[in-house]
Amino acid sequence: MRLNMPMTAIVAAALLAAPSFAQDGYEIPSDLAETATGLAEAGLESDLAWQVLESLTTEIGPRLGGSEAEARARDWGVRTLTELGFENVRIEEFEMPYWERGEIETTLVSPFPQAVFATELGGSAASPEGGVTAEIVFFESFEELQAAPAGSLEGRIAYVNDRMVRAMNGSGYGPANRKRSLGWIEAQARGAVALVIRSVGTDSHRFPHTGMMSRPNQRTIDQGGLSQVAADYLVATYPDIAEQAARAQIPAVAVSGPDADQIERTHRMGETIEMHVATSGGWQEMTTSGNVIGEIVGRENPDEIVVIGGHLDSWDEGTGAIDDGAGIAITVAAARLIAELPENPRRTIRVVMFGAEEVGLLGGFAYAQLYADSLGDHVVASESDFGAGRVWRFSSNVSEAGTGAMDAVGRILEPYGVIRGERNGGGGGPDITPMVMAGGVPTFRLEQDGTDYFDLHHTPDDTLDKVDPDALAQNVAVWAATTFLAAELDVEFRTADEQDGPN
Ligand SMILES: [Zn+2]
C-alpha cells in the first residue's frame with residue numbers, strides 16, 4: 001500500500017493553522033490545536049482511506065460475519081495494520097452461531113403472475129421442500145401485525161408494508177426496522193407460513209435490503225417488545241426461552257421497493273394476492289469470528305485507551321463499501337496520520353476492526369467481555385459506521401470537564417463543515433454500545449450525512465463506486481484531529497462514578 005502523506009505536509013499544514021481558541025471554557029494549548037488542524041489538513045489531502053477501502057472491497061469483497069471470507073478479511077486487516085506500522089497487531093477470536101444465505105424463489109402467483117425481487121433476511125428458516133404458496137395478509141405496519149388476533153394467519157403469508165422515511169440522521173431506520181427484527185415471531189406466532197416485508201430502505205431500485213432478524217428471548221418479552229400473542233407463543237413454543245434466544249421456523253424475506261409497490265397497488269385494487277416463497281438458507285454449525293486490533297502506544301499513559309474503529313464484516317451480497325468498509329478505512333487512515341507525528345500521543349490509540357457486527361454486534365460484545373477488567377481505563381470510544389458521507393455534526397457523552405474540552409475540539413472541526421451537536425448523548429456507534437453498557441466508557445460521535453445511506457444499505461449495490469473520495473477524506477480529516485486530541489489532551493473524559501464501573 002502506497003503512502004502519500006509525508007510528515008512535512010502535516011507540518012506545513014500546521015503552519016497555516018487556525019489561531020488558538022480563547023472562547024469561554026476549556027482552551028486547547030495552541031501547539032496542540034495547531035497539530036490537530038495540521039492533521040485535519042493532511043487528512044483532506046490524503047487518499048490513504050480510499051486505498052484501504054479499495055483494497056478491502058476488491059481483494060476481499062463480501063465478508064459475512066462468521067464466513068470464510070470474513071476470516072480472509074481478518075488476515076487482510078493484520079497485513080494492512082502491520083504494513084502501516086501499527087503496534088501490537090493481533091486477532092482476538094470468538095465463537096459465534098452462523099447463518100448462511102441459500103437460494104430464493106419468490107413469485108406472485110395470482111392474480112397477476114410475475115417474478116418478485118427478494119432476499120432472505122438473516123436468521124430466516126428454509127422453506128419446506130418446494131416452498132410455500134399461500135394467500136398474503138396485507139399489514140400496513142408492524143403495529144397492525146401485532147394487533148392481529150391469535151390464529152388469524154394460519155396457513156397464510158404475513159406481508160408488512162410500512163415505508164422507511166428518508167432522514168439525514170437515519171432516524172427513519174428504527175421504526176421501519178421493527179418489521180424486520182421482530183416481524184417473524186409475530187407472524188409465526190399467529191400461524192403464518194412465511195413473512196414477507198417491504199425492504200427497509202429508501203431507494204427506488206430493484207435491490208432488496210437484507211439484514212438480521214432479532215432472536216427474541218425472555219428479556220424481549222419483559223421489555224414489552226412483543227404483543228401478548230407473540231409473548232405467550234414464545235414461552236409455549238421455545239422451552240429454553242429464559243436462557244436461549246429463539247430462532248425462526250418460517251422463511252422471512254424482504255422484497256425490493258418497486259416490488260413492494262406492486263404488491264401494494266394490487267392490494268389496493270381489492271385483489272386477493274397469492275405468493276410463492278421458497279428459501280434454503282439457515283443456521284449452520286458454530287463458527288469463528290474475531291476482532292482485529294492495532295495500536296499506537298501512548299508515550300506517557302499507555303494503559304489509557306482511546307478506541308476508534310469500524311466493523312470488518314459486511315452483508316454477503318454487496319462488497320460492504322459503505323457498510324462498513326468506509327468506517328474501517330476512515331479510522332485506519334486517521335490513526336496512521338497520527339502515527340506519523342514526531343511523537344505518539346500521551347494515551348494509546350487502539351484501532352479495532354470489529355467482527356460480526358451485522359449479525360448481532362458480536363465483536364462489540366466479545367471486546368467488552370475480553371477487556372472487562374480494563375474498561376475503566378478506556379478514556380473514550382467511537383465507531384464510524386454510517387457510510388462514507390461527510391461528517392456534519394459532532395456529539396459527545398463524556399464528563400462535565402471533558403465536555404468543555406469536546407466543545408473546544410468542536411471549534412477545531414468547524415472549518416471542516418462540522419457543527420457541535422449533543423453534549424450529553426449521541427452514543428458511540430453500535431460496537432461501542434457493549435463497552436458503554438459494561439463499563440460506562442465515554443463516547444463521541446462524528447455524525448455523517450446519511451441522507452442516501454439507506455439507498456444502498458444491506459443491498460448488492462453497496463459497492464466502492466458509490467463512495468465519494470472527497471467526502472471520505474473529509475471524514476479522515478475530522479477523525480484524525482478528534483482522535484489526536486482525545487489521546488493527547490490532559491482531560492478526564494470519564495466521570496468520577498464511571499471510573500468505578502457501572503453499578
Ligand atoms: Zn454497519
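Since every read-out is calculated from the coordinates, none of them should be taken as a lab result. Please read these numbers as outputs of a predicted model, since none were measured by experiment. Cβ atoms come from the backbone with ideal geometry, glycine included; neighbour counts cover every protein chain shown.
I want to make sure I understand the PRE zone here: with the label point 7 angstrom from the Cα of Met286 toward its beta carbon, which residues in the range 352-376 have backbone N atoms less than 15 Å away? In the range 352-376, the label zone of Met286 (backbone N under 15 Å from the point 7 Å along Cα→Cβ) covers 366.
Which shape class applies to the range 50-194: rounded if a/c is under 1.5, otherwise prolate when a/b exceeds b/c and oblate if not, where a ≥ b ≥ c are the square roots of the Cα gyration tensor eigenvalues? Walk me through the numbers on the way to the answer.
On the way: a/c = 2.46, a/b = 2.11, b/c = 1.17.
In terms of gyration-tensor shape, prolate.
With the dipole of the chain worked out from charges on the C-beta (+1 for Lys and Arg, -1 for Asp and Glu) around the Cα centre, which of Ile308, Pro113, Ala126 lies farthest toward the positive end? Checking the options against the dipole of the chain, the answer is Pro113.
Overall, the range 99-283 carries a charge dipole of about 420 debye about its Cα centre when +1 sits on the Cβ of Lys and Arg and -1 on the Cβ of Asp and Glu, all other atoms neutral.
Phi angles of the range 170-184 translate, via the Karplus equation with coefficients 6.51, -1.76, 1.60 and θ = phi - 60°, into HN-Hα couplings of x, 5, x, 5, x, x, 5, 7, 4, 5, 6, 6, 10, x, 4 Hz per residue; Gly and Pro are given as x.
Place the peptides 177-186, 67-76 in order of packing, highest mean first, counting for every residue the other Cβ atoms within 10 Å and averaging per peptide.
Values: 177-186: 25.4, 67-76: 18.6.
Result, highest mean Cβ count within 10 Å first: 177-186, 67-76.
Sequence-ordered 3J(HN,Hα) estimates for the range 423-430 from the Karplus curve with 6.51, -1.76 and 1.60 and θ = phi - 60° stand at 9, 9, x, x, x, x, x, x Hz, glycine and proline given as x. Mean sequence separation of contacting Cα pairs (under 8 Å, at least six apart), scaled by the length of the range 99-283, corresponds to a relative contact order of 40 percent.
When DSSP beta bridges are limited to those with both residues in the chain, what percentage is antiparallel, rounded to the nearest 5?
On the way: 37 of 66 bridges.
Beta bridges within the chain, antiparallel portion: roughly 55 percent.
When you count the other C-beta atoms within 10 angstrom of each residue and take the mean per peptide, 286-292, 216-222, 400-406 line up highest first as 286-292, 400-406, 216-222.
Computed from backbone phi with θ = phi - 60° and the Karplus coefficients 6.51, -1.76 and 1.60, the 3J(HN,Hα) list for the range 297-310 is 6, x, 7, 10, 10, x, 7, 8, 10, 10, 9, 10, x, x Hz; x is used for glycine and proline. Packing, as the average of other Cβ atoms within 10 Å across residues, places the peptides 416-426, 437-447, 32-42 in the order 32-42, 437-447, 416-426, highest first. Can you tell me the orientation of helix 469-488 relative to the chain, as the angle in degrees between its alpha-carbon axis and the longest Cα principal axis, to the nearest 10? Tilt relative to the chain: about 60 degrees. Near Gly172, the amide H atoms lying under 5 Å from its own belong to Ala167; only residues 5 or more places off or on other chains count, and H is placed 1.01 Å from N.
When Lys and Arg each count +1 and Asp and Glu each count -1, what net charge do the other residues less than 9 Å away from Ser280, Cβ to Cβ, add up to? Write down the numbers at each step before the final one.
Numbers: positive: Arg101; negative: Glu103, Glu120.
Residues near Ser280 contribute -1 overall.
Under the simplified labelling scheme, the Ser110-Asn301 pair shows an inter-label distance of 7.2 nm, with each label point 7 Å from Cα along Cα→Cβ. For the range 186-311, what class follows from the C-alpha gyration tensor (a ≥ b ≥ c being the square roots of its eigenvalues): rounded when a/c is under 1.5, otherwise prolate if a/b is larger than b/c, else oblate? Cα axes put the range 186-311 in the oblate bin.
Of the residues Gly65, Val277, Gly363, the one whose Cα sits farthest towards the positive end of the charge dipole of the chain is Val277 (charges of +1 on Lys and Arg Cβ, -1 on Asp and Glu Cβ, taken about the Cα centre). Taking Cα atoms, how many degrees apart are the long axis of helix 400-413 and the longest axis of the chain, rounded to 10 and kept between 0 and 90? Helix 400-413 sits at roughly 90 degrees to that axis. The amide H of Val137, built 1.01 Å from its N in the peptide plane, has Ile157, Ala158, Tyr159 as neighbours under 5 Å, considering only residues 5 or more places off or on other chains. Cα gyration tensor of the range 398-503, axes a ≥ b ≥ c as square roots of the eigenvalues: rounded (a/c below 1.5), prolate (a/b > b/c) or oblate? Because a/c hits 1.5 or more and a/b fails to exceed b/c, the range 398-503 counts as oblate.
Rounded to the nearest 500, the helix-only mean residue ellipticity at 222 nm of the chain stands at -10500 deg cm²/dmol, with each DSSP H run of n ≥ 4 adding -39,500 (n - 2.57).
With the contact rule set at Cα under 8 Å and sequence spacing of 6 or more, what percent relative contact order holds for the chain?
On the way: 1253 pairs, mean separation 108.8, N = 503.
This gives 22 percent for the chain.
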